[in-house]
Amino acid sequence: MADSQADMILSLRPGTMPPDRMDEAAARDELGLLAAAIAYHDTRYHGEDAPVISDADYDALVARNRALEAVFPSLVREDSPSLRVGAPAAAGFGKVRHARPMLSLNNGFSDEDIEDFAARIRRFLSLAEDDELAFTAEPKIDGLSLSLRYEGGTLVQAATRGDGAEGEDVTDNIRMVGAVPQALAGSPPDILEVRGELYMDRDDFLALNTAQEAAGGKIFANPRNAAAGSLRQKDPEVTGSRNLQFFAYSLGETSAPIATTHKECLDQLSSYGFSVNDYSMRTTQVSELLERHKFIISERPSMSYDIDGVVYKVDRHDYQDRLGQVARAPRWALAHKFPAEQAETTLNAIDIQVGRTGALTPVARLQPVTVGGVVVSNATLHNEDEIRRKDIRVGDRVVIQRAGDVIPQVVRVITEARPSGSAEFIFPIRCPECGAAAIRPDGEAVRRCTNSLECPAQRLEWLKHFVSRNAFDIAGLGARQIDQFVALGWVTRPADIFRLAARRAALAKLDGYGETSITNLLAAIEARREIAFERMIFALGIRQVGQATARLLALHFDTPQAMMAALAPEADIDATVADLIAIDQVGDSMADDLVAFFHNGTNRAAVADLLSQLSVIPPERPADDSPVSGKTIVFTGTLSRMSRAEAKARAESLGAKVSGSVSGKTDYLVAGADAGSKARKAADLGVTVLGEDEWLALIDG
Ligand code: IVH
C-alpha cells in the first residue's frame, strides 16, 4: 500500500462531530475513510494475524461507522464494514461455502449498553415485564472461530470463518488437532455442524515462541496469532504439534434439533465429546450478567487462555430464531468487551522520531510500569495535534493503556498531579536529527523533515527499507546490520552495500562475524546484483510508491535509464507528469512525489551510483498476442491439472486479468469440479463458461 495511504489509515481516528450535526458530503467522506481503514485492519487481523491497532480503537472505528450509517442510511456503501464479517478466505486453502453464515457479534462496553440490549430484545419479542427472559453468559475466547461438520458422527469438514459466507477448508490440519473430536460419542444427528473457538493456552504460546526463537522461526505477537498461524500450516503435522485447544459454543446446520436452549445445547455438545467452557452460566437477571462480567474479569489473570469479553446469548432457541440477525450479527447475542488495561505512570520525555519519508512522530518515554503483564516504557503520541488536544507535558502523571499486543497509548493526563512550572509541549518545526525545516502541509496531520536523504535519520530508515523483505531482501543484512554499518561509516547509500566485499578484513574484526557468516553475507549481496526492475524501484522508498506502483512504473519505463531520463531536471516536466498520470492508478500527487524524488540531486546521485553496481532485469511483459490478453478471467471450483495459484499466474503471464468475482466485465469463467454460485452467476450474466480442458486448449492454442 502506498505510504501516504498507510499513514492515513494508521492515523485515522473516529470523527468527533455528532453525526446528526453533519452534512451529507462530510458524512460520505468519513464513511469512505472508515471503510478503507476498517478493511485494512480486517486484513491485518484476520488475513495476516498481525493487527496494528488495539481492539478498542478498532471497535471505535466500527462504532463510528455504525453511528454515521444510522443517521445517513442512504450513504451505506456497498463495501460498508457493517455488511461484511472478517476478512476474505486466504489463498492456499480451498474454499468452503458455509451452509449457514458464520456471524460476528455486536459489542457492548458499558452496563447501560447491556441493559439496552436486554430491553431491545424484550421489545422485539413483545414480552411483558413479568415474562421470563433468560440469558447465558460465557467468556469470549480470543482465538479464531471454526465450523466443524460431522456426518454420521464423523468429522468430514473443518472450515474457518473467512468472510462469514465462505471460509478456508482446513480439514486436513484439523484432523491432527487432538482437542477436536474426530468422531462423536452418543447419538448425534446425522448432520451436525459445531462452531466454536480454536485457541492456544498462554503457556503453550510462550513455549512455542521460545522454540521458534531458537529455530529462527516466526515469533507470534499473542496466543490468538499463534493459534491462527499454527492452523494455517502447509504441513498438517506442524499444526498437530502445536497443542491447539477448542471450545464449542454454537451450531451451524443440523439435520435435527439437539436442544431447545443454549444451555441444553452446550450440555449436549459436551456429551458428544466437545469441551465447553466451565464459566458459562444462565440467569434471568440482567444484574447477574453484569456481576458475572465483573467476576470473569477478576478470574482473567488466573485463566490459562486469553479472553476479551463476555458473550451474552438469549437462552431459548425459539427466541433466537425469532430475533434473527441484522447485517453481520445476531440480534440475540452481545459481546460485553473488557476495558483496555490501564496504568498510571510518569512521562519522562517526549522524543521525536524521524521516519524514512521524514515524518516526525512523537514518542512518550515513560517511567517503566506493568500493564496487563507487560512492562511498558514507551507509548505512541501519534502526532502534534494529539499532544495539543490532550495537553500532554513532560513531567506529567499520565494514564496509559494497552490492549492486546498493540503499541501502548497515552489516554489522558492526570492534571491534578501536574508539577508546577510545567510547560506546554512545543512541537519542533525543525528536524531534531538534522536541523532542517520540518513542514506540515495544509490539511495533513504529519510534519515532515524537508532534508530528504541529507538527514541522517531519514537516510538510516531509507537504507533499512532498501534491504527489507519486499525490496533487496539480502539474507544476513537486516536493520541491525544497517545500524552497525552506518555507524561505522561503511554504508551511506545503497551502492555501498555492494562494496562491502572490500571490507572483508574489517568485517572479520566485528563481534559475531566468523568466516562462514562473512562468506554467506557477501554471497547473498553478490546474488542481489541482479535484480528485477520493479523490486529496485520499490527499494528506492519513494513516497507513495508501493510494490504495485513499482511494477506499473517498471512496465512503463522498462529500464532504469529510461526512468532516470524521463525524470531528469532538464527533461520536459509537464510532458513527464502527463505521461505518468496516463498510467492507470498513478495520480497527480504520486507523480509529484516521483518528480520530487528524481529532481533531488542527492537522490539522483545515489540512484546513479546504485545502478553502476547492478544489473537490472527488465519486467517480464505479459504477451499481448495471446488469445486471452486483456481479458478478465475468473477461476472457480477445483482444477485437476494445476493449482488455482498456478492457473492464475499462467493466465496473468499471458496478459489476462484474473478476478475473484464474476461481473458484467468478466470475459471467461473457468469452472473446475464442484463449481458453485459463480458458475450460476456467470450463466445468468451470459459470461462464457469454459471447462478446464477447454481453457487449456484455448491458451495452448
Ligand atoms: S458466539 C452467532 N460465543 O467472537 C454467534 N463467539 O466477535 C456466533 N467468540 O466470530 C459467535 N468466544 O470467533 C460466540 N463464547 C463465544 C465466543 C465467540 C469467542 C468469537 C467468535 C466470533 C467472534 C465475534
Considering only region 465-492, how many residues are surrounded by fewer than 19 Cβ atoms within 10 Å (Cβ to Cβ) and part of a helix (DSSP H, G or I)?
6
Taking into account only those residues within region 185-226 that are of a type in the set (S, T, N, Q) and within 23 Å of the chain's Cα centre (by Cα), which is modelled with the lowest pLDDT?
Asn222
Among the numbered criteria (1) under 18 Å from Gly108 (Cα atoms); (2) more than 36 Å from the chain's Cα centre (by Cα); (3) among the hydroxyl-bearing types (Ser, Thr, Tyr), which single criterion is violated by Ser271?
(1)
Restricted to region 498-521 and to residues being of a type in the set (S, T, N, Q) and surrounded by fewer than 12 Cβ atoms within 10 Å (Cβ to Cβ), the residue farthest from Met536 (Cα to Cα) is Thr516
Hits in region 302-337 - residues which are part of a helix (DSSP H, G or I) and free of Cβ contacts under 8 Å to residues at least 60 places away in the same chain
Ser302, Asp318, Gln320, Asp321
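Residue-by-condition table, conditions (1) within 23 Å of Lys263 (Cα to Cα); (2) buried (at least 16 other Cβ atoms within 10 Å of the Cβ):
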| position | (1), (2) |
| --- | --- |
| Lys95 | no, yes |
| His98 | no, yes |
| Ile114 | yes, yes |
| Ser147 | yes, yes |
| Val156 | no, no |
Enumeration of residues in region 673-701 that are part of a strand (DSSP E or B) and loosely packed, with under 12 Cβ neighbours inside 10 Å
Ala673
Exactly one condition in (1) among the small types (Gly, Ala, Ser); (2) surrounded by fewer than 16 Cβ atoms within 10 Å (Cβ to Cβ); (3) in contact with a strand residue (DSSP E or B) (Cβ under 6 Å, 6 or more places away or on another chain) is false for Ser422; which is it?
(3)
Give the residue that is surrounded by the fewest Cβ atoms within 10 Å (Cβ to Cβ), with candidates limited to residues of region 623-653 that are among the polar types (S, T, N, Q) and not in a helix (DSSP H, G or I).
Ser640
Can you go through Gly167, Gly108 and tell me which one is within 14 Å of the ligand (Cβ to nearest atom), modelled with pLDDT under 95, more than 24 Å from Leu323 (Cα to Cα) and not acidic (Asp, Glu)?
Gly167
Taking into account only those residues within region 152-164 that are in contact with a Ser or Thr (Cβ under 9 Å, 6 or more places away or on another chain) and more than 23 Å from Val310 (Cα to Cα), which is farthest from the ligand (Cβ to nearest atom)?
Gly153
Wholly enclosed helices (runs of 4 or more DSSP H) of region 529-592 bearing at least 1 residues under 27 Å from the mean Cα position of the chain (by Cα), surrounded by 15 or more Cβ atoms within 10 Å (Cβ to Cβ) and among the aliphatic types (A, V, I, L, M)
533-539, 547-557
Quick check, is Ala495 surrounded by 18 or more Cβ atoms within 10 Å (Cβ to Cβ) and in contact with a helix residue (DSSP H, G or I) (Cβ under 9 Å, 6 or more places away or on another chain)?
yes
So, in region 240-254, of the ones that are farther than 16 Å from His317 by Cα and among the small types (Gly, Ala, Ser), which residue ends up farthest from the ligand (Cβ to nearest atom)?
Ser241
Assuming Gly395 fulfils every condition listed in (1) part of a loop (DSSP other than H, G, I, E, B); (2) on the phi < 0 side of the Ramachandran plot apart from one, which condition is it?
(2)
Can you find even one residue in region 244-266 that is assigned to a helix (DSSP H, G or I) and of a type in the set (A, V, I, L, M)?
yes
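For (1) touching a His at 6+ places or on another chain (Cβ under 7 Å); (2) in contact (Cβ under 8 Å) with a residue 60 or more places away in the chain, each residue gets a yes or a no:
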residue	(1), (2)
Ala340	no, yes
Ile350	no, yes
Arg356	yes, yes
Leu366	no, no
Leu381	no, no
Glu384	no, yes
Arg388	no, no
Val410	no, yes
Arg418	no, no
Search region 12-30 for residues being surrounded by 14 or more Cβ atoms within 10 Å (Cβ to Cβ) and under 23 Å from Gln585 (Cβ atoms), and hand back the single one that is modelled with the lowest pLDDT.
Leu12
Go through (1) surrounded by 15 or more Cβ atoms within 10 Å (Cβ to Cβ); (2) farther than 30 Å from Gln458 by Cα; (3) more than 13 Å from the ligand (Cβ to nearest atom); (4) among the charged types (D, E, K, R) one by one and return the number of the condition Arg356 breaks.
(2)
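The values are calculated or read from the model by the stated rules, or taken from the named source; none is laboratory data. In this text, all values refer to a predicted model and were calculated from it rather than measured experimentally. Quick reminder, even Gly has a Cβ in these numbers, built from the backbone with ideal geometry, and neighbours come from all protein chains shown.
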